[in-house]
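The values are calculated or read from the model by the stated rules, or taken from the named source; none is laboratory data. Source: prediction; values computed, not measured. Cβ: placed from backbone, ideal geometry, glycine included. Neighbour counts: every protein chain shown. SASA here: full protein model, heavy atoms, side chains in, ligands and nucleic acids out. Shrake-Rupley method; radii C 1.70, N 1.55, O 1.52, S 1.80 Å.
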Amino acid sequence: QVQLVESGGGVVQAGGSLRLSCAASGRTFSSYTMGWFRQAPGKEREFVAVISWSRRRGSTYYADSVKGRFTISRDNAKNTVYLQMNSLKPEDTAVYYCAGSGLDTTLVGDFGSWGQGTQVTVSS
């Protein structure tokens, strides 16, 4: 497994932007599918975006709610994955978690490595 540490959360007005970063430790980072998930108060943790490592290396997948606004990317040389969030909405307010999986998947249950989370608050 890899150890993950998120950063970049904060408070932003609706329509603004934030970039989240997730630094990973471990030599196998490049072989992990990396994802971002979020959890709002009283709600279940939900999929946001994933970037694959496998046969479809570098392929990205997004939840419909963020498609066209968020962009996931990775820099294997820096062991870091990013989530660029633009045109933020109040409903994007949540704790955002970085996660890693050895599978080519978007299912939260398939991710075994998790960061501690970073709070994103979007004010109206």
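The figures follow:
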quantity	calculated
Residues of segment 74-114 that turn out to be touching an Asp or Glu at 6+ places or on another chain (Cβ under 8 Å), more than 11 Å from Phe37 (Cα to Cα) and surrounded by fewer than 22 Cβ atoms within 10 Å (Cβ to Cβ), as a count	2
Tally of residues being surrounded by 13 or more Cβ atoms within 10 Å (Cβ to Cβ) and either at pLDDT below 95 or under 13 Å from the mean Cα position of the chain (by Cα) (or both) across segment 39-56	11
Residue check, Val122 buried (at least 18 other Cβ atoms within 10 Å of the Cβ), in contact with a Ser or Thr (Cβ under 6 Å, 6 or more places away or on another chain), aliphatic (A, V, I, L, M) and free of Cβ contacts under 8 Å to residues at least 60 places away in the same chain	no
Any chance Gly35 is assigned to a strand (DSSP E or B), open to solvent by less than 60 Å² (accessible area, probe 1.4 Å) and out of contact with any Cys (no Cβ under 6 Å at 6 or more places or on another chain)	yes
Residue match in segment 65-77 (condition: within 14 Å of the chain's Cα centre (by Cα) and in contact (Cβ under 8 Å) with a residue 60 or more places away in the chain)	no
Top-ranked residue of segment 10-32 - restricted to ones that are in a strand (DSSP E or B) and β-branched (Val, Ile, Thr), ranked as surrounded by the fewest Cβ atoms within 10 Å (Cβ to Cβ)	Val11
Among residues of segment 95-113, those that are assigned to a strand (DSSP E or B), farther than 13 Å from Ser52 by Cβ and either at pLDDT below 95 or over 11 Å from the mean Cα position of the chain (by Cα) (or both), counted	1
Given (1) within 11 Å of the chain's Cα centre (by Cα); (2) at pLDDT below 95; (3) open to solvent by 30 Å² or more (accessible area, probe 1.4 Å), index of the condition Thr60 fails	(1)
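Residue by residue, here is whether (1) farther than 20 Å from Asp110 by Cα; (2) in contact (Cβ under 8 Å) with a residue 24 or more places away in the chain; (3) in contact with a Phe, Trp or Tyr (Cβ under 7 Å, 6 or more places away or on another chain); (4) not polar (S, T, N, Q) holds:
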site: Ser7; (1), (2), (3), (4): yes, yes, no, no
site: Gly10; (1), (2), (3), (4): yes, yes, no, yes
site: Ser17; (1), (2), (3), (4): yes, yes, no, no
site: Met34; (1), (2), (3), (4): no, yes, no, yes
site: Trp53; (1), (2), (3), (4): no, yes, yes, yes
site: Tyr61; (1), (2), (3), (4): no, yes, no, yes
site: Lys89; (1), (2), (3), (4): yes, yes, no, yes
